[in-house]
């Protein structure tokens, strides 16, 4: 399924304050039907606050929140009926079985579900055979899967997943990522996925927004944002000064971004990497490694560090 | 429709929680101990109570009967039942916050007010189950073990003897007003639960308020005397009024009204708080 022009989430100038502390100062973004939308930002950027506000768990201080063309504050129940979500970690009633937990939340979603539908969903998330087990014995990964089952039970149009891979082991991360891709490809869902890991968003999302310190900084197509950006390429060489001189002689000094102890950071397009490499080799400069990073990734890492 | 589905969910949750059975277990144990004690040593207890009257009155028949046992059990347990009720009702909202399930619960297409009333209704039903269990053990098991008979009640005016045929409605109404006072406890703990993110806080706070108000209610200080009639704890034993002769109707109605006003006020606070609450847990 490809994204359409129909906006199903429109957030404009969202702000949320707790007394003098502003958790979110100015967040704006749009999600289109069919999107797998990446909501990216470092820890504490305001992702969870924004998501909680979208789900009416938190009252916004100001700003406009429209989902499915309706205002969240006046049409809360209509909107929530079309959303399935996991907010941070999926918590369930530990004293109930997986099956009973799903039935319980399905009942509140306004749909009548049969036992076979519940079992079908539990099987879809890879928990077949554990339906009758109480959640006391479930691992974090299993709860995350059950959380996804819970989001699907009422066949929502929009699925919101807040950091769904946090706390999972590498295999768990791959499993959840595959599940999300399955939702996108086989179930045609619009998915909003928050994460603080750019590579995760890059693998799954088609559009994204980056937020930091409560503000949205950049948004657009993941492909455009990542490909249009120049690369930051780190050349690890044996003689930094000579390398600088060579670039200067070739009228390429303007490419130098940063000079480090054993490497030069240059911003350039992908095609220029072999040219620079050849230039260094022709001038007897030993190149030990070449590492390319996108500017966006670098920018994002700076945000995280900064 | 969604309200009833939510209420059904709340019943299921209460029924599945192990802590819900602590109250039933505790009442069963206490009543069993009282019944055993009265069966083995009840007559000497009765003689101790009736001794001051024996010079002027002659007692005939079985004074130690099921009705007296039920009355004693009610009197002893009604003080402790609030803790057992608060154990469950104080956890209804804060328990969800502590477990993290409140995030999922409040993202469902049902209003927060409906969710809160569902919880309240389930809490009231649990309170009713506790009282009915107590009534069953006190009246049915008590009568089975000790037989029926007239009820002798000792109060501040002296001894009152109520005949067997005049007792059923008194017990029924007594349990009714006792239920209202226990609903008051459920409402208080549910309201406190809306302010808390852990299970223990509302339960301890409920008991602290009951103890504080009970102490204020018993202190004979002129400045406190004015507020004493308005404390809900002053009306928690109003079930005893149904075992007076003549029946103090005005007092009973006053007690019921004060309890209802308290319940309404606390419920309004709970609805307001729950609707305005930012879910940060």
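The values are calculated or read from the model by the stated rules, or taken from the named source; none is laboratory data. What you see is a predicted model, and the numbers here were worked out from it, not measured in a lab. Methodologically, a virtual Cβ is constructed for each residue, glycine included, from the backbone with ideal geometry; neighbour enumeration extends over all protein chains shown.
Quick notes on this structure:
- Candidates are the residues of segment A:41-67 that are within 14 Å of another protein chain (Cβ to nearest Cβ) and in contact with a helix residue (DSSP H, G or I) (Cβ under 6 Å, 6 or more places away or on another chain); the one that is surrounded by the fewest Cβ atoms within 10 Å (Cβ to Cβ) is A:56.
- Residues located in segment A:112-128, provided they are outside any loop (DSSP other than H, G, I, E, B), touching a helix residue (DSSP H, G or I) at 6+ places or on another chain (Cβ under 6 Å) and more than 17 Å from residue B:5 (Cβ to Cβ): A:121, A:122
- Condition check for residue B:12: surrounded by 14 or more Cβ atoms within 10 Å (Cβ to Cβ) and under 21 Å from the mean Cα position of the chain (by Cα): no
- Checking residue B:3 against (1) more than 14 Å from chain A (Cβ to nearest Cβ); (2) assigned to a helix (DSSP H, G or I), the condition it does not meet: (1)
- The number of residues in segment B:224-279 that are in contact (Cβ under 8 Å) with a residue 60 or more places away in the chain and not in a helix (DSSP H, G or I) comes to 6.
- Checking the stated criteria, residue A:143 turns out not to satisfy the condition of being over 23 Å from residue B:119 (Cα atoms) and either in contact with a strand residue (DSSP E or B) (Cβ under 7 Å, 6 or more places away or on another chain) or not in a helix (DSSP H, G or I) (or both).
- When we screen B:56, B:47 for residues that are farther than 29 Å from residue B:234 by Cα, more than 24 Å from the chain's Cα centre (by Cα), more than 14 Å from chain A (Cβ to nearest Cβ) and part of a helix (DSSP H, G or I), the only hit is B:47.
- The listed residue being more than 14 Å from every other protein chain (Cβ to nearest Cβ), in contact with a strand residue (DSSP E or B) (Cβ under 8 Å, 6 or more places away or on another chain) and part of a helix (DSSP H, G or I), out of B:68, B:87, B:128, B:121: B:68
- Among the residues of segment A:107-131, the one identified as within 14 Å of chain B (Cβ to nearest Cβ), at pLDDT 90 or above and over 16 Å from residue A:147 (Cβ atoms) is A:107.
- Residue in segment A:86-106 that is part of a loop (DSSP other than H, G, I, E, B), under 22 Å from residue B:110 (Cα atoms), touching a strand residue (DSSP E or B) at 6+ places or on another chain (Cβ under 6 Å) and within 8 Å of another protein chain (Cβ to nearest Cβ) present: yes
- Scan of segment B:103-115 for residues that are touching a residue at least 40 places away in the same chain (Cβ under 8 Å) and surrounded by 23 or more Cβ atoms within 10 Å (Cβ to Cβ), ordered by number: B:103, B:110, B:115
- Answer residue from segment B:15-44, given it is closer than 30 Å to residue B:113 by Cα and over 18 Å from the mean Cα position of the chain (by Cα) and is farthest from the other protein chains (Cβ to nearest Cβ) among those: B:15
One line per residue, one yes/no per condition, for (1) without any contact (Cβ under 8 Å) to a residue 60 or more places away in the chain; (2) assigned to a helix (DSSP H, G or I); (3) more than 30 Å from residue A:8 (Cα to Cα):
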| site | (1), (2), (3) |
| --- | --- |
| A:192 | no, no, no |
| A:203 | yes, yes, no |
| A:210 | no, no, no |
| A:232 | no, no, yes |
| A:235 | yes, no, yes |
| A:243 | yes, yes, yes |
| A:247 | yes, yes, yes |
| A:251 | yes, no, yes |
| A:258 | yes, no, yes |
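- Test for residue A:255: is it touching a helix residue (DSSP H, G or I) at 6+ places or on another chain (Cβ under 7 Å), at pLDDT below 90 and farther than 28 Å from residue A:28 by Cα: yes
- Residue B:144 meets each of the listed conditions (1) assigned to a helix (DSSP H, G or I); (2) closer than 25 Å to residue A:87 by Cβ; (3) more than 23 Å from the chain's Cα centre (by Cα) apart from (2).
- Residue list for segment A:154-176, restricted to those being under 11 Å from the mean Cα position of the chain (by Cα) and either part of a loop (DSSP other than H, G, I, E, B) or surrounded by fewer than 21 Cβ atoms within 10 Å (Cβ to Cβ) (or both): A:163, A:164, A:165
- Unmet criterion (only one of (1) over 27 Å from residue B:71 (Cα atoms); (2) away from chain A (no Cβ under 14 Å); (3) surrounded by 13 or more Cβ atoms within 10 Å (Cβ to Cβ)) for residue B:225: (3)
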